[in-house]
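Following: one structure in structure tokens, then a few remarks.
Just so it is clear, none of the values below were taken in a lab; they were calculated from the coordinates. Predicted model, so just to flag it, every value in this text is computed and none were measured. We place every Cβ from the backbone using ideal geometry, glycine too, and count neighbours over all the protein chains shown.
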Amino acid sequence: MLQATSIPQHIAIIMDGNGRWAKSRGLPRAQGHRAGAESVREAIDACKELGVSYLTLYAFSSENWNRPQAEVSALMILLEKFLSSKAADLMRQNVRLQVIGQIDRLPESTRETLQKVIAQTASNDSLTLVLALSYGSREEITAATRKIAQGLLDGCWKMEDITPELLASQLDTAAIPDPDLLIRTSGEMRVSNFLLWQISYAEMVIVDKFWPDFRQGDLFAAVAEYQKRHRRFGSV
């Protein structure tokens, strides 16, 4: 039984294992990515049922651009199809779409589809779905540091104004609360350049199954594990 008073406000997920899921079945990697799209729907539905306010999905990292061009192109096409086909569902479920990352690196058609669905769902206020696309946390922090340095040169801030709060305000996630719970699938024990600043105090749950096999029950189980933890934030 989950405690209704201890539901994480923000869940972030590293969706890992699509390629290995496909390989284990003798399928092309693209088939694993397509299968993973169903798990996205499951995660959204589970968060809606629990009353989670924010769900951030690590959909495409800045390092993923190093993958074979054919796979990258297939991922972009899949993303466009997913957004186009799910826009009506997002509206029906009152889900708002947002995105973080180096969006200018995405193909023009992908950016246009993203912006269309973001605008269409902007007034929804039940669950905010954040897609991390062409995202890398080191790049994000570097960009924020450059903004602050430029602000110092321009006289917008003084040296003593530089605080953790100021840096956080310059990140892609400035308007989004930090994750309470970080889930990673496929059993891997690393954070892979994902929300390094924001997950400083997040509870981590590793799920020992590939992302295409992730279902609502797995998210409920992760939340149940989260509720067992005593979050001390450095105190006793």
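Its alpha carbons considered, the chain gives a radius of gyration followed by a Dmax of 18.2, 59 Å.
About its Cα centre, the range 116-236 has a charge dipole of approximately 180 debye under the convention of +1 per Lys or Arg Cβ and -1 per Asp or Glu Cβ, with nothing else charged. Taken over the alpha carbons of the range 50-95 as equal point scatterers, the Debye sum produces base-10 log I(q)/I(0) values at 0.16, 0.27, 0.30 Å⁻¹ of -0.61, -1.02, -1.10. Counting only the Cα atoms, the range 78-179 fills a convex hull of 122 Å³ per residue. Label-to-label distance, GLN115 versus GLU63, with points set 7 angstrom from Cα along the beta-carbon direction: 3.1 nm. Between LYS23 and ALA143, the C-beta separation translates, for a Förster distance of 30 Å, into a calculated FRET efficiency of about 0.30.
Start at zero, step by 5 Å, and the Cα-Cα distances of the range 27-73 spread as 4, 17, 21, 21, 15, 12, 7, 2 percent across the bins. Across the range 142-185, Cα-Cα pairs farther apart than 18 Å form 37% of the total. Over all Cα atoms in the range 1-48, the spread is summed up by Rg and Dmax: 14.3, 44 Å. Phi angles of the range 70-84 translate, via the Karplus equation with coefficients 6.51, -1.76, 1.60 and θ = phi - 60°, into HN-Hα couplings of 4, 5, 4, 4, 5, 5, 5, 5, 4, 4, 4, 5, 4, 5, 5 Hz per residue; Gly and Pro are given as x. Think of each Lys and Arg Cβ as +1 and each Asp and Glu Cβ as -1; about the Cα centre, that makes the dipole of the chain roughly 540 debye.
The alpha carbons of the range 31-114 give a radius of gyration and a Dmax of 13.4, 38 Å, in that order. With the alpha-carbon atoms of the range 108-236 aligned to their principal axes, the span from lowest to highest coordinate is 52, 49, 28 Å, starting with the largest. Remark: for residue pairs LYS23/LYS116; LYS48/LYS81; LYS48/LYS116, the C-alpha separation exceeds 28 Å in LYS23/LYS116. In a DSSP loop and with at most 12 other Cβ atoms within 10 Å, there are no trypsin sites (Lys or Arg not before Pro) in the range 91-150.
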